[in-house]
Amino acid sequence: MFALPKGVLYIIGSLQDRGFQAHVVGGAVRDLLMGMPVYDWDITTDASPDQVSALFDRVVPTGIKYGTVTVMLDDGDYEVTTFRRDEKYSDGRHPDKVSFTKDLNEDLSRRDFTVNAIAYDPATDILSDPFHGGKDIRKKTIRAVGDPVERFKEDGLRTLRACRFASKLEFRIETKTLAAIKKTLAVFKKVASERVRDELLKMLSSPKPSVGFEYMRRTGLLKIVLPELDRCSGVKQPKQFHAHDVYYHAIYACDAAPKELPMVRLAALLHDISKPECKKGDTFYDHDNKGAETAEKIMKRLKFGGSDINEVKNLVKNHMFNYSAEWSDSAVRRFIKRVGLENIEDLFMLRIADMKAMGREIDSGYIKDLKSRIKKAVDEENALDISDLKVNGSDIMKLLKLKQGPAVGKVLAFLLDNVLEDPSLNSREKLTGLAKKYHNRK
């Protein structure tokens, strides 16, 4: 007997008390069998959406077209879906029409992979597993339910989900299922960028994203989703610094970054993305700056938000920082300004992941030293940003009789540049004097 949330037991009990079938289904059962934490609980029943809605006080028709409602309880929200059979999939993503059924096995037969096609009845403690998903869990195998080509033609996103589940569970994809991905790439191309992005984000939170990315490369998915990363395959790097080519270095760096920080992992995946085009001999000239531009293009294509794009772009652009003890205090302050104080810890984690993926011994002593110097600069309350200056835009406009616009920003940037070099200049009197000199010399 599995330990289930009170809400799940209440919903299933309420349905069964009225003569309906009700089971926990899908990923929740898979994770229970694997001893993994369950975050999403799905319930399947032969009760219609209207019948489910009539039983509970707060119900939202979240996917009523496909037989799904969400029951809202004090301990959480639970999706309840009526047993169904799916008709034709014209768009390669959703069934054109669904019809309800009373047959649990028929409902399980429409699901993507055997490990997700298992139902559990807590009242009887019985598992319904007509497609032997439990056996595949024990064998650590991702296998499509029924004909894999048909499953992938129905929903193109399932091809990427196969790679993601292999990464999440550290399973292998069964041979016929893997071969079917290559045969259904045209259907995958119909999937919206937002859905692809969401799957990639889930893959980035898995224990080893490299497993999923390697399956994507082998099947041709990578060439569609991240052609820039696919082109990194086979691009050699100097052996005295790197144990792998650019592609394998990227996916192993992604593994080495913290899984709780998806943008750091994405930056690790993309930090050398422009090396192929920047390669001259054994050197990759300006690949950090070009890589930042490429990362931005990729993330815009995948519909990431602006803040995520800026974060990853900043990390990729600055990942080649070359600190030494000879740096002056002003160099440390300029480093803080360039990277942004809020991004520095992420940049250090990216650097460590980069070093791990090189297959070299990790020497993080210089990072510890730089951290100490950064802390000192911050503790001394140095001006590290325009907002830290003792004058602001309004002061400059009034002082120099300027209208709001780029000219004001240029003056403030000039003042900050001077204060970064000499923090003692950050007084209202000294800054107004500097501003006048800057303005008059133009």
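Test each condition in (1) in contact with a Cys (Cβ under 9 Å, 6 or more places away or on another chain); (2) not in a helix (DSSP H, G or I) for Ser210 and report the one that comes out false.
Of the numbered conditions (1) in contact with a Cys (Cβ under 9 Å, 6 or more places away or on another chain); (2) not in a helix (DSSP H, G or I), the odd one out for Ser210 is (2).
Mind checking which strands (runs of 3 or more DSSP E) fall wholly inside region 1-76 and carry at least 3 residues that are within 25 Å of Asp136 (Cβ to Cβ)?
Per the criteria, 22-25, 42-45.
Identify all residues within region 270-303 that are of a type in the set (Val, Ile, Thr) and in a helix (DSSP H, G or I); write none if there are none.
Thr294, Ile298
Across region 124-154, what is the total count of residues that are under 20 Å from Val196 (Cα atoms) and touching a helix residue (DSSP H, G or I) at 6+ places or on another chain (Cβ under 8 Å)?
7
Being buried (at least 16 other Cβ atoms within 10 Å of the Cβ) and closer than 26 Å to Asp329 by Cβ is the requirement here; does Lys430 meet it? I'd like the intermediate steps shown before the answer.
On the way: buried (at least 16 other Cβ atoms within 10 Å of the Cβ): yes; closer than 26 Å to Asp329 by Cβ: yes.
Yes.
Take Lys135 and decide whether it is outside any loop (DSSP other than H, G, I, E, B), not acidic (Asp, Glu) and not assigned by TED's automatic domain parsing to the domain that holds Thr68.
No: the conditions fail for Lys135.
Being of a type in the set (Asp, Glu) and either assigned by TED's automatic domain parsing to the domain that holds Arg84 or under 21 Å from Met34 (Cβ atoms) (or both) narrows it down to one residue among Asp121, Asp147, Asp198; which is it?
Of the residues listed, the single one that is of a type in the set (Asp, Glu) and either assigned by TED's automatic domain parsing to the domain that holds Arg84 or under 21 Å from Met34 (Cβ atoms) (or both) is Asp121.
Which of the residues belonging to region 397-417 are surrounded by fewer than 18 Cβ atoms within 10 Å (Cβ to Cβ) and part of a helix (DSSP H, G or I)? Give the steps one after another, and end with the answer.
Initial filter on region 397-417 (surrounded by fewer than 18 Cβ atoms within 10 Å (Cβ to Cβ)): 397-407, 409-410, 413-414, 417.
Met397, Lys398, Leu399, Leu400, Pro406, Ala407, Gly409, Lys410, Ala413, Phe414, Asp417, listed by residue number.
How many of the residues in region 49-61 are surrounded by 15 or more Cβ atoms within 10 Å (Cβ to Cβ) and either more than 14 Å from Ala22 (Cα to Cα) or of a type in the set (Ser, Thr, Tyr) (or both)?
Within region 49-61, residues that are surrounded by 15 or more Cβ atoms within 10 Å (Cβ to Cβ) and either more than 14 Å from Ala22 (Cα to Cα) or of a type in the set (Ser, Thr, Tyr) (or both) number 3.
The values are calculated or read from the model by the stated rules, or taken from the named source; none is laboratory data. Remember, it's a predicted structure, so these values are computed and weren't measured experimentally. Here Cβ is always computed from backbone atoms with ideal geometry, including for glycine, and neighbour counts include all displayed protein chains.
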